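First the structure, in the form of structure tokens, and then the observations on it.
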Amino acid sequence: MNIRIGYGIDFHQLVEGRDLFIGGVKIPHDKGALGHSDADVLLHAICDAMLGALCLGDIGVHFPDTAAEFKNIDSKILLAKTYALIRAEGYKVVNIDASLCLEAPKIKPYVPQMQEVIASILEITIKDVSVKATTTEKMGFVGRKEGLVAHAVCLLYKAQ
């Protein structure tokens, strides 16, 4: 098949004393995401979407949270490594459509920078990277500002 669709989802707890990275961008906030890496929920969901499209497992298979080499790693590096796996299979990215679910902070001012970061790594244009956000209307762990969630869909095409 020449085209493949993938879906990814990621969750991270929000805690004090950590920086908040979303979409490869450091965002000022009183809490950051807890994780083995820099816990960039958006980039992790995109990695899972790409890996899933080609049945290559998930981010934990390739970058386990038990491996010291990935401790506090910049998730832009994980996205680049994931893209290399996709390219090794002969595929390229057509587009990414992602949604963030969080109560705070508001991310609209940072979306163009996120698009630029993601597009640059995946060798696509910023018009090929959609990043949206919503809240849970104060319901659940996201509504209580205990964590955040990212969903991502990608379309891949066979380049070779």
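The values are calculated or read from the model by the stated rules, or taken from the named source; none is laboratory data. Just so it is clear, the model here is predicted, and its values are computed rather than measured. Because the Cβ atoms are built from the backbone with ideal geometry, glycine has one as well, and the counts that use them run over all protein chains shown. Just the protein is used for accessible areas: all its heavy atoms, side chains included, with ligands, DNA and RNA removed. Shrake-Rupley method; radii C 1.70, N 1.55, O 1.52, S 1.80 Å.
At a glance:
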item	result
Residues satisfying the stated conditions in region 114-157, i.e. over 14 Å from the mean Cα position of the chain (by Cα), touching a residue at least 12 places away in the same chain (Cβ under 8 Å) and within 19 Å of Leu79 (Cα to Cα)	Glu123, Ile124, Ile126, Asp128, Leu155, Leu156, Tyr157
Any hit, region 46-67, residues being hydroxyl-bearing (Ser, Thr, Tyr) and in contact with a helix residue (DSSP H, G or I) (Cβ under 7 Å, 6 or more places away or on another chain)	no
Verdict on Tyr91 being surrounded by 16 or more Cβ atoms within 10 Å (Cβ to Cβ), out of contact with any Leu (no Cβ under 9 Å at 6 or more places or on another chain) and hydroxyl-bearing (Ser, Thr, Tyr)	no
Positions within region 50-63 being within 16 Å of the chain's Cα centre (by Cα) and in a loop (DSSP other than H, G, I, E, B), in sequence order	Gly57, Asp58, Phe63
Among the residues listed as Leu56, Leu51, the single one being in contact (Cβ under 8 Å) with a residue 40 or more places away in the chain and either out of contact with any Phe, Trp or Tyr (no Cβ under 6 Å at 6 or more places or on another chain) or farther than 18 Å from Leu102 by Cα (or both)	Leu51
Any pair with Cβ under 7 angstrom, 6 or more apart, that starts in region 1-15 at a residue that is modelled with pLDDT under 95 and ends at one that is loosely packed, with under 15 Cβ neighbours inside 10 Å and not hydrophobic (A, V, I, L, M, F, W, C)	Asn2/Tyr157; Asn2/Lys158
Residues of region 16-36 classified as open to solvent by 10 Å² or more (accessible area, probe 1.4 Å), over 18 Å from Glu116 (Cβ atoms) and touching a residue at least 24 places away in the same chain (Cβ under 8 Å), total	5
In region 77-107, the residues that are over 23 Å from Lys26 (Cβ atoms) and not aliphatic (A, V, I, L, M)	Arg87, Glu89, Gly90, Tyr91, Lys92, Asn95, Asp97
Complete set of residues in region 94-125 that are in contact with a strand residue (DSSP E or B) (Cβ under 8 Å, 6 or more places away or on another chain) and acidic (Asp, Glu)	Asp97, Glu123
Test: residue in region 120-136 that is in contact with a Gly (Cβ under 7 Å, 6 or more places away or on another chain), at pLDDT 95 or above and either open to solvent by 40 Å² or more (accessible area, probe 1.4 Å) or not charged (D, E, K, R) (or both)	yes
Residue match in region 45-58 (condition: of a type in the set (Asp, Glu) and under 16 Å from Glu116 (Cα atoms))	no
Count - residues of region 50-87 that are modelled with pLDDT of 90 or more and open to solvent by 30 Å² or more (accessible area, probe 1.4 Å)	16
Any chance Tyr110 is aromatic (Phe, Trp, Tyr), open to solvent by 20 Å² or more (accessible area, probe 1.4 Å), under 26 Å from His29 (Cβ atoms) and at pLDDT 95 or above	yes
